[in-house]
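This report concerns only the one structure given below.
The values are calculated or read from the model by the stated rules, or taken from the named source; none is laboratory data. No experiment lies behind these values; they were computed from the predicted model shown. Cβ sites come from the backbone with ideal geometry, for glycine too, and all protein chains shown count toward neighbours.
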Amino acid sequence: MSHEDAAFEIHVHGDVKLRADVGFNALQDALKPLWKYAGARSLADGAASLYEDEPGIRFDPHQHLLQMCWTLQGEEDFRQQLDDLCMNLNELSAEGSQIEVTFYDADYDEEDEAEQREARDDFVLLFVGPTPEAIMRAQRDLLVEDVVNLMERHFDGAELGGVVAEIDKLFTGRFNALASSLELGKPRSPGGGTPGHGGGRRPRHLH
């Protein structure tokens, strides 16, 4: 697939902690939505970034870590690859992680800027993880970091414990609501119980 005249330069950035049993072949299959879109025949073929100073897509088998700092040329349809990417990485991840995807308008130039035209830049923040709880934990940690960084301009960090506690309450409520909705959606056995052991089958992961 050629994207030489693509409307966007797309940058994918994030570190994903993987399970200890995940090898290169499994990771290559999980990342197929990325390297195949880029026109490569394998992960090794497509791991290099458009820019030489970016490390691209790397797998550290010793730390069980996927590292992405990778730019490619593409169109709006690249967004369709992101759902499959998240679902695939959910199956391999060991904990919740965030992935940032930035779309840069490749046609925007100095003339557009001088005439105050708006670029078509966009930013997508994704989360992956082995369970909905792990994903929510990653979302919570990022929100706490952002809020604390903002408020530390005006308050000492020691004063912000109450703010963090309120954020925790919000995420606890969200997770309880999710757990409740999943419980209500489970099929019931003729005797009124939930089939299976413990909590039943694990639901599809959020992304």
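Restricted to segment 150-175, and to residues there that are among the charged types (D, E, K, R) and assigned to a helix (DSSP H, G or I), the residue that is farthest from the chain's Cα centre (by Cα) is GLU159. Taking segment 42-140 as the region of interest, the helices (runs of 4 or more DSSP H) fully inside it that hold 3 or more residues being at pLDDT 95 or above and assigned by TED's automatic domain parsing to the domain that holds ALA30 are 43-46, 79-92.
Residues considered: ALA26, ALA94. Of these, the only one that is touching a Leu at 6+ places or on another chain (Cβ under 7 Å), surrounded by fewer than 20 Cβ atoms within 10 Å (Cβ to Cβ) and more than 29 Å from GLU145 (Cβ to Cβ) is ALA26.
Scanning segment 150-177 for residues being free of Cβ contacts under 8 Å to residues at least 24 places away in the same chain and either hydrophobic (A, V, I, L, M, F, W, C) or in contact with an Asp or Glu (Cβ under 8 Å, 6 or more places away or on another chain) (or both) gives a total of 10.
Scanning segment 1-60 for residues that are among the charged types (D, E, K, R) and over 26 Å from GLY129 (Cα atoms) yields GLU4, ASP5, GLU9, ARG41, ASP45, GLU52, ASP53. The one condition from (1) on the phi > 0 side of the Ramachandran plot; (2) surrounded by 14 or more Cβ atoms within 10 Å (Cβ to Cβ) that GLN116 does not meet is (2).
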